[in-house]
Amino acid sequence: MSYLTPETKSQLSTAIRRLRERLLTDFHHAAESTYRLSIKSIDKAGLAEEQRLKRERLAQWLDEQVRAETGGKRLKDEQREQLEQRHLHTAIKLAAATLLNRLVVIKQLEAQGLRQIKIVTGGWNSSGYRDFREFAPDLCRQDQETEGYGLLLKLLYDELALELPGLFGRVGVTGLFPVPGSTLRAVVEALDALAPDVWLDDTTLGWVYQYWNDPEREALDAKLNAGGKVEPHEIASKTQMFTERYMVEWLLHNSLGQMWLAMCQKQGWTAAVKADGTLDRLEERRTLWREKRERGDVALDELMPIAPGAEERWKYWVPQPLPSSPQPPSPQGEGGAKSGSPLQLGEGLGVRASIRTIKILDPACGSGHFLVIAFGLLVALYQEEAQHRGEMWSDKEIAESILAHNLYGIDLDARSVQIAAAALWLKAKSFCREAELRVVNLVASDLNLSALPEDDPALLELRQEVRDATGIPEPLTNQIVQALQGADQWGSLLKIDREVEKAIAQYERSLTRSVQGELRLDPHPLAPFPQGEGGQERVASFQGDGEQETQNPSPSGRGAGGEGRRAMLLEKLERFLD
């Protein structure tokens with residue numbers, strides 16, 4: 001793999017900053033000229049039917065954003081206009097960034113040989129565009145502004161959206177903003193002018209994201225230095241910093257790598273890096289390298305030579321003791337585990353039986369570079385485990401299993417999740433072209449719920465849809481939504497599980513109180529197995545002045561009081577959200 005050098009990073013940074021300025025300016029002017037936004041009344045703007053409908057859609061979206069931020073409070077015209085302008089600028093930034101990210105991903109696909117027909121590489125002189133003009137001259141003539149090149153890109157977007165809808169599908173209201181032909185040409189030519197090595201590094205997308213955000217973060221730093229404060233909508237921009245590769249590798253080598261060595265010990269395997277002497281060689285070379293530095297034979301900042309392969313994957317590992325085998329379980333009451341508990345070697349210490357069951361969560365994943373680098377290490381560990389087990393795991397199975405079961409990420413910014421998904425997709429494709437993204441465990445927490453009142457039309461519609469789809473009553477949905485109010489600013493720091501559990505427990509108590517004095521309860525929509533359907537009979541029992549709801553277990557053994565109901569409820573919510 002080719003890594004970005006300081007020179008290529010500088011070149012990329014300069015190009016992205018210039019493109020950002022050009023894109024934001026051109027998109028703003030294009031939106032104004034297309035929709036005549038300076039004319040406040042749509043009826044007086046004199047728009048054609050298509051432009052009128054799109055402007056109405058944009059106006060509705062802006063109204064939704066303002067309402068979500070202010071809770072539907074009455075605003076002065078000046079206040080509303082300021083908020084609408086800020087959200088319009090946010091939409092333009094998303095549209096501009098999405099165009100850039102799409103072209104960067106296509107450029108990487110072409111540079112890495114994952115697409116044989118080149119379109120972005122070479123731009124209007126590319127082989128793909130020349131073939132398109134030859135086979136569809138009429139279509140090219142209809143698209144006079146880009147001579148058919150923009151149409152060709154749209155066709156490519158539609159194809160890639162089948163696997164990567166988060167980037168190439170419908171992204172918010174980005175489709176409402178026209179891309180001027182001159183702007184498209186400038187972006188394609190600027191990317192094509194960069195050094196070829198830029199597109200071979202698996203963290204390039206992350207650096208593009210960082211360089212795009214740099215001007216905004218620098219403006220926030222100046223604001224703070226002048227005594228200002230960061231507003232809630234500015235938190236994501238302020239906290240988006242790219243972690244250098246060596247930091248990520250050090251963390252992974254000494255966490256995931258250590259877990260792997262403990263896993264091998266538990267399973268009775270000899271890890272390959274121990275069997276072939278990789279770890280010993282690295283430690284011996286470090287000792288010699290330190291001596292050379294002390295003698296002045298090598299510069300203090302000169303890096304120790306590392307061989308590709310196993311050494312590259314373990315170069316930062318620090319020798320440390322592995323978890324020892326736990327003592328046999330002691331009887332309950334003697335400070336140990338309950339007698340007879342299924343505590344096996346290493347399980348109580350978090351040692352897993354297979355690399356396939358390890359979950360890596362980046363709670364502030366940004367552009368996903370931590371997960372991308374973890375993917376490469378996991379591939380090698382999957383392949384080694386298959387050898388230890390004497391099994392055959394195809395590259396396709398390995399790639400899809402890693403994406404579905406090992407890697408998870410959360411971020412405040414939907415743009416970063418968009419890029420993280422694309423980066424993981426590229427990484428998986430570079431390992432196995434046939435791999436498919438069946439599941440990508442990445443989410444953005446910008447739910448825009450922080451200020452909506454209970455009677456807001458959007459919440460009314462949500463509660464009704466949840467009720468119709470799952471049977472979950474509207475009051476409970478509303479409590480859960482309230483628990484999510486801080487997700488926009490707090491992200492993964494928000495204690496959602498605690499609030500959801502509280503909401504469910506309150507709802508359960510309300511059910512029990514409503515039937516006091518009755519032993520038999522009619523099956524509630526939340527009951528997973530109504531009587532007569534192979535399920536169970538729900539019974540209220542009262543002890544002293546407290547209340548306790550129990551369930552008669554069914555022959556199948558499914559359902560266990562409140563816990564079974566909670567699990568079923570959460571499953572219904574997850575199914576609805578999916």
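The values are calculated or read from the model by the stated rules, or taken from the named source; none is laboratory data. Note that the coordinates shown come from a computational prediction; the quantities given were computed from them, not determined experimentally. Neighbour counts are summed over all protein chains in view; Cβ atoms, including those assigned to glycine, are modelled from backbone coordinates with ideal geometry. Surface areas here come from the heavy atoms of the whole protein model, side chains and all, with no ligands, DNA or RNA. Shrake-Rupley method; radii C 1.70, N 1.55, O 1.52, S 1.80 Å.
Among the residues of the stretch 259-316, those identified as more than 35 Å from the chain's Cα centre (by Cα), open to solvent by less than 70 Å² (accessible area, probe 1.4 Å) and of a type in the set (Lys, Arg) are 285, 286.
May I ask you to list pairs of residues, at least six apart or on different chains, whose Cβ atoms are under 6 Å apart, with the first in the stretch 362-388 being under 12 Å from residue 272 (Cβ atoms) and the second being buried (at least 20 other Cβ atoms within 10 Å of the Cβ) and among the charged types (D, E, K, R)? Correct list of pairs: 380/313. Checking every residue in the stretch 22-45 against the condition of being aliphatic (A, V, I, L, M), free of Cβ contacts under 8 Å to residues at least 60 places away in the same chain, open to solvent by 60 Å² or more (accessible area, probe 1.4 Å) and more than 29 Å from residue 112 (Cβ to Cβ) gives at least one match.
Per-residue answers, yes or no, for (1) open to solvent by 60 Å² or more (accessible area, probe 1.4 Å); (2) within 23 Å of residue 250 (Cα to Cα); (3) modelled with pLDDT under 95; (4) outside any helix (DSSP H, G or I):
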site: 392; (1), (2), (3), (4): yes, no, yes, yes
site: 433; (1), (2), (3), (4): yes, no, yes, yes
site: 446; (1), (2), (3), (4): yes, no, yes, yes
site: 449; (1), (2), (3), (4): no, no, yes, yes
site: 463; (1), (2), (3), (4): no, no, yes, no
site: 478; (1), (2), (3), (4): no, no, yes, no
site: 482; (1), (2), (3), (4): yes, no, yes, no
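Return yes when residue 186 is over 30 Å from residue 57 (Cα atoms) and at pLDDT 90 or above and no when it is not. For residue 186, the condition - over 30 Å from residue 57 (Cα atoms) and at pLDDT 90 or above - is not met. Could you say whether any residue in the stretch 130-150 is under 24 Å from residue 418 (Cβ atoms), of a type outside the set (Val, Ile, Thr) and open to solvent by less than 100 Å² (accessible area, probe 1.4 Å)? Yes, the stretch 130-150 contains at least one residue that is under 24 Å from residue 418 (Cβ atoms), of a type outside the set (Val, Ile, Thr) and open to solvent by less than 100 Å² (accessible area, probe 1.4 Å).
Residues that are under 23 Å from residue 370 (Cα atoms) and free of Cβ contacts under 8 Å to residues at least 40 places away in the same chain within the stretch 171-215 comprise just one, 213.
When the stretch 1-12 is filtered for residues that are in a helix (DSSP H, G or I) and either aromatic (Phe, Trp, Tyr) or buried (at least 16 other Cβ atoms within 10 Å of the Cβ) (or both), the ones remaining, listed by number, are 8, 9, 11, 12. Taking the stretch 52-78 as the range and being of a type in the set (S, T, N, Q), under 19 Å from residue 40 (Cα atoms) and at pLDDT below 90 as the test, only 65 passes. Taken over the stretch 153-172, the residue count meeting the criterion of being surrounded by fewer than 19 Cβ atoms within 10 Å (Cβ to Cβ) and within 25 Å of residue 89 (Cα to Cα) is 6.
Here are some residues: 93, 107. Which one is within 23 Å of the chain's Cα centre (by Cα), modelled with pLDDT of 90 or more, open to solvent by less than 50 Å² (accessible area, probe 1.4 Å) and more than 14 Å from residue 188 (Cα to Cα)? Only one candidate passes the filter, namely 93.
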